[in-house]
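**Student:** Dropping a structure here in structure tokens format, bear with me for questions.
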């Protein structure tokens, strides 16, 4: 199925949407003393992107990853259990429009994104993990370097004009640019 990727101009309301969700996450995961960070394009002032709030939740070690599942399900998130074997170092959740909390153990069970578009993505990792460090370094670099931020936006707009088989294909197309920024951020 071919799909298009919606890219929106930067919206200052994204910061408030993150703050509201961070408060929910902080409360429901309080026993783990989580670190909660706004990541992705919506976290970078002036950068447009898909209007989905990406949140990175850091927990104290990989052992806490499975502890978050019941808490986030009870907070209304959908759990993408189908990715847990492939990504052993993290757990992925989404808040979906018009959809109640549910675990999806199989990719075939994932709901239609058009009928149930995600409003928030939550990535739960150990806060000393490579995933944690990479995503924060990328965000921080774009926040501090407007030329790189603007180049990233132009590339996303250009890619979004294409037709994609999946959202993952679109994400892979951005990969080389992201890796370049990650290398620069490590300098």
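Each reported figure results from applying straightforward, stated rules to the coordinates on display, with no laboratory input. The model shown is predicted, which means the values in this text are computed figures rather than measured ones. Using ideal geometry, Cβ is built from the backbone for each residue, glycine included, and neighbour counts are taken over all protein chains shown.
**Student:** Can you say what percent of the DSSP beta bridges in the stretch 1-153, counting only those with both residues inside, are antiparallel? Round to 5.
**Tutor:** 65 percent
**Student:** Just want to confirm a number: the relative contact order over the stretch 76-168, from Cα pairs under 8 angstrom separated by 6+ residues, in percent.
**Tutor:** Relative contact order of the stretch 76-168: 22 percent.
**Student:** If you don't mind, another one. Taking Rh as the Kirkwood radius computed over C-alpha pairs, what is the Stokes-Einstein D of the stretch 13-185 at 10 °C in a medium of viscosity 1.306 mPa s, expressed in µm² per second?
**Tutor:** Result for D is 95 µm²/s.
**Student:** Suppose the chain between residue 8 and residue 137 were pulled fully straight at 0.36 nm per residue; how much longer would it get relative to their current alpha carbon spacing?
**Tutor:** Working it through step by step, the gained length comes to 44.1 nm.
**Student:** A further question on this structure: Run lengths n ≥ 4 of DSSP H only: what is the helix-derived mean residue ellipticity at 222 nm for the chain, with -39500 (n - 2.57) per run over all residues, to the nearest 500?
**Tutor:** Mean residue ellipticity at 222 nm (helix-derived): -11500 deg cm²/dmol.
**Student:** Shifting gears a bit: What would the Debye equation give as log₁₀ I(q)/I(0) for the stretch 48-128 at q = 0.14, 0.15, 0.26 Å⁻¹, counting only Cα atoms as equal point scatterers?
**Tutor:** Once normalised to I(0) and log-transformed, intensities are -0.44, -0.51, -1.35.
**Student:** Return the whole-Å distance between the Cα centroid of the stretch 1-53 and the Cα centroid of the stretch 92-150.
**Tutor:** 8 Å
**Student:** Defining a contact as two alpha carbons under 8 Å apart and six or more residues distant in sequence, what relative contact order in percent does the chain show?
**Tutor:** With pairs under 8 Å counted, the relative contact order is 24 percent.
**Student:** If I take R0 = 35 Å and measure r between the Cβ atoms of residue 45 and residue 119 in this structure, what FRET efficiency does the formula 1/(1 + (r/R0)^6) give, to the nearest 0.05?
**Tutor:** Step by step, r from the Cβ atoms, then E = 0.95.
**Student:** Between residue 71 and residue 15, with labels modelled 7 Å along Cα→Cβ, what's the label distance in nm to one decimal, could you check?
**Tutor:** 2.7 nm
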